[in-house]
Amino acid sequence: MHYTDLMLKFDNEQQAKAYLYEEIPTAWDNTDPENPIVTETESRPLFRNIDTLGVIYTGGSWDEEGNEIEAPVAQPGWHVNLRCLEGENAVPLYGFLVAPTPSTPRRVWA
């Protein structure tokens with residue numbers, strides 16, 4: 001099986017969802033059969049392997065008892081790892097690639 005692993009950084013969660021999911025109609029109001037109106041949708045992934053990390057934090061320190069001494073700092077963006085399989089089009093995501101690729105990523109595909 002051929003695949004490509006991508007580490008992505010979006011501006012926020014909404015932007016990530018816009019690129020990684022599509023809304024599919026699941027229910028309609030058929031009061032007017034000539035013009036049905038979508039009343040419910042379902043969010044479906046465009047890729048089979050999506051690993052959402054969300055906000056990444058760096059730094060921070062704690063004492064031996066687990067009490068926070070210094071708070072971790074949120075890094076900008078909404079982070080997602082994607083394993084793109086054959087037949088899945090990742091080209092629209094290339095503008096969101098983390099560059100350079102982290103030498104010690106938070107999570108990787110096994």
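The values are calculated or read from the model by the stated rules, or taken from the named source; none is laboratory data. Note that the structure is predicted; figures quoted are calculated from it, not measured. Here the Cβ positions follow ideal geometry from the backbone for every residue, glycine too, while neighbour counts run over all protein chains shown. What goes into the accessible areas is simple: the full protein's heavy atoms, side chains included, and nothing from ligands, DNA or RNA. Shrake-Rupley method; radii C 1.70, N 1.55, O 1.52, S 1.80 Å.
How many nm separate the modelled label positions at residue 74 and residue 1, each set 7 Å beyond the Cα in the direction of the Cβ?
Using points 7 Å along Cα→Cβ, the separation is 3.4 nm.
Taking a 1.4 Å probe, which of 103, 43, 61 shows the most accessible area, and what order do the others take after it?
On the way: 103 115, 43 60, 61 40 Å².
I get 103, 43, 61, largest accessible area first.
Just to confirm my numbers, what's the Cα centroid distance between segment 1-28 and segment 58-83 in Å?
Here the two parts' Cα centres lie 25 Å apart.
In debye to the nearest 20, how big a dipole does the chain give about its Cα centre with +1 on each Lys and Arg Cβ and -1 on each Asp and Glu Cβ? Write out the running numbers ahead of the final one.
Working: 7 positive and 18 negative charges, 117 e Å.
Magnitude of the dipole: close to 560 debye.
Can you give the accessible area per residue of the chain, in Å², using a 1.4 Å probe? Don't skip to the end; give the middle numbers.
Working: 7940 Å² over 110 residues.
Averaged over the residues of the chain, the accessible area is 72 Å².
When the chain is treated as a GNM, springs tying every alpha-carbon pair under 10 Å, which of 76, 33, 25 comes out with the largest mean-square fluctuation?
33
Would you mind getting me the FRET efficiency between residue 106 and residue 44? Use the beta-carbon distance for r and R0 = 25 Å, nearest 0.05.
Working: r = 26 Å, r/R0 = 1.04.
So the FRET efficiency works out to roughly 0.45.
Using helices alone, I'd like the mean residue ellipticity at 222 nm for the chain: each DSSP H run of four-plus residues gives -39500 (n - 2.57), total over residue count, nearest 500. If you can, show how the numbers build up before the last one.
Details: 1 runs with 8 residues, N = 110.
Here the helix-only value at 222 nm equals -2000 deg cm²/dmol.
State to the nearest 20 debye the size of the charge dipole of segment 1-63 about its Cα centre, where the only charges are +1 on K and R beta carbons and -1 on D and E beta carbons. Don't skip to the end; give the middle numbers.
Values: 4 positive and 12 negative charges, 75 e Å.
Taking the Cα centre of segment 1-63 as origin, the dipole is about 360 debye.
Once the dipole of the chain is set up with Lys and Arg at +1 and Asp and Glu at -1 on Cβ about the Cα centre, which of 53, 67, 3 lies farthest towards its positive end?
Result: 3.
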